[in-house]
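K.L.:
Dropping the structure in here first, questions after.
The values are calculated or read from the model by the stated rules, or taken from the named source; none is laboratory data. Predicted model, so just to flag it, every value in this text is computed and none were measured. Cβ atoms come from the backbone with ideal geometry, glycine included; neighbour counts cover every protein chain shown. To get the accessible areas, we keep the full protein, side chains included, count just its heavy atoms, and leave off ligands, DNA and RNA. Shrake-Rupley method; radii C 1.70, N 1.55, O 1.52, S 1.80 Å.
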Amino acid sequence: MISSWLKYLLQRKSKYNIHSPFVFDFVTKVLNDHGSNRDYDTIMRIGRLLDKKKHISFAKRKRSRLLYRVIQHYEPDSVVSFGSITALNATALALGNLQTKVYLEQSEDFLETLNAMGVINVRLIQPAEFDSEHFRRLNTGFVFFGRDSFEDDTWDYLADCLNYKTADSVFIFEGIHHNRDIEDAWEEIKADEDVSVTFDLYSIGMVFFREGIEKQDFVLKY
């Protein structure tokens with residue numbers, strides 16, 4: 001949406017306009033880390049193979065590398081991904097920390113191919129498994145919502161994730177400016193009373209629940 005993009009360009013802030021230590025730390029150590037990494041090549045190779053694309057746009061490569069760095073930085077025990085996810089992003093989430101268990105809503109073939117290519121810390125999430133209170137309590141600290149989650153039944157899982165979140169939880173939402181309905185949903189998420197900090201990176205939104213931080217919504221240069 002052109003109007004959303006122009007609004008983002010006008011509102012976004014660089015690290016020089018940020019005074020929050022928590023946000024400045026994220027921007028300098030994660031968002032603006034432009035160093036090379038051997039895993040980036042693996043992410044691209046698997047993404048091309050499974051997503052069946054010879055060319056992957058710069059924006060998609062950039063986003064997958066950010067997801068990789070986010071996992072590397074926060075080192076969650078697990079990641080639950082709702083909705084469809086590209087192999088590029090799934091691989092980035094998994095390789096960010098090989099000790100992190102990544103649960104996906106995908107096909108058996110998708111999973112088997114990832115495993116065969118060395119991405120062994122991914123598994124399928126079973127509906128019955130997620131309905132288990134034990135599973136939700138242990139595995140809803142870091143959640144990735146694919147863009148189609150906004151239009152799918154899995155969006156209902158957001159309430160469950162919110163019930164089991166902790167102060168260290170991180171929720172990532174893909175395509176927050178894809179259309180007006182999704183933008184409205186993003187505004188509702190930001191307004192939740194338990195949310196402390198949000199990052200609008202245009203292509204994705206990040207939500208934090210940190211304690212002791214004044215509630216703020218940041219539009220960051222990315």
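K.L.:
Is there any pair linking a residue in the range 157-180 that is touching a residue at least 12 places away in the same chain (Cβ under 8 Å) to one that is of a type in the set (Lys, Arg), with Cβ under 6 Å and at least six apart or on different chains, and which?
P.N.:
Listed by first residue and then by second, the contacts come to ASP160/ARG136; TYR164/ARG136; TYR164/ARG137; ALA167/ARG210; GLU174/ARG147; GLY175/ARG147; HIS178/ARG147.
K.L.:
Same structure again: Would you say ILE46 is surrounded by 12 or more Cβ atoms within 10 Å (Cβ to Cβ), in a helix (DSSP H, G or I) and modelled with pLDDT of 85 or more?
P.N.:
Working: surrounded by 12 or more Cβ atoms within 10 Å (Cβ to Cβ): yes; in a helix (DSSP H, G or I): yes; modelled with pLDDT of 85 or more: yes.
For ILE46, the condition - surrounded by 12 or more Cβ atoms within 10 Å (Cβ to Cβ), in a helix (DSSP H, G or I) and modelled with pLDDT of 85 or more - is met.
K.L.:
Which one of SER57, SER20 is out of contact with any Leu (no Cβ under 9 Å at 6 or more places or on another chain) and over 21 Å from GLY146 (Cα atoms)?
P.N.:
The unique qualifying residue is SER20.
K.L.:
Moving on to the next point. List the pairs whose first member sits in the range 54-72 and is within 15 Å of GLU174 (Cα to Cα), whose second member is surrounded by 20 or more Cβ atoms within 10 Å (Cβ to Cβ) and among the hydrophobic types (A, V, I, L, M, F, W, C), and whose Cβ atoms are under 6 Å apart, counting only residues at least 6 apart or on separate chains?
P.N.:
Correct list of pairs: SER64/ILE43; SER64/LEU88; SER64/ALA92; LEU67/ALA92; LEU67/LEU93; TYR68/ALA92.
K.L.:
In the range 80-130, how many residues are assigned to a helix (DSSP H, G or I) and surrounded by fewer than 21 Cβ atoms within 10 Å (Cβ to Cβ)? Working first, answer last.
P.N.:
As a first pass, look at the range 80-130 and keep what is assigned to a helix (DSSP H, G or I): 87-95, 108-116, 127-130.
When the remaining residues are screened for being surrounded by fewer than 21 Cβ atoms within 10 Å (Cβ to Cβ), the result is 108-113, 115-116, 127-130.
Residues that pass the stated criteria total 12.
K.L.:
I would also like to ask the following. Please go through the range 118-171 and give me each residue that is more than 28 Å from LEU49 (Cβ to Cβ) and among the hydroxyl-bearing types (Ser, Thr, Tyr), ordered by number.
P.N.:
SER132, THR140, TYR157, TYR164, THR166, SER169
K.L.:
Could you run through the range 147-186 and say how many residues are open to solvent by less than 20 Å² (accessible area, probe 1.4 Å) and not in a helix (DSSP H, G or I)?
P.N.:
Residues in the range 147-186 being open to solvent by less than 20 Å² (accessible area, probe 1.4 Å) and not in a helix (DSSP H, G or I): 7 in total.
K.L.:
Hey, another quick one. Within the set of pairs 6+ apart or on separate chains, which have a first residue in the range 185-201 that is in contact (Cβ under 8 Å) with a residue 24 or more places away in the chain, a second that is open to solvent by less than 40 Å² (accessible area, probe 1.4 Å) and in a loop (DSSP other than H, G, I, E, B), and C-beta atoms under 6 Å apart?
P.N.:
Close Cβ pairs satisfying both conditions: ASP194/PHE209.
K.L.:
Just give me the residues in the range 187-216 being crowded, with 20+ Cβ neighbours inside 10 Å and farther than 23 Å from ARG65 by Cα, in sequence order.
P.N.:
Scanning the range 187-216 gives no hits.
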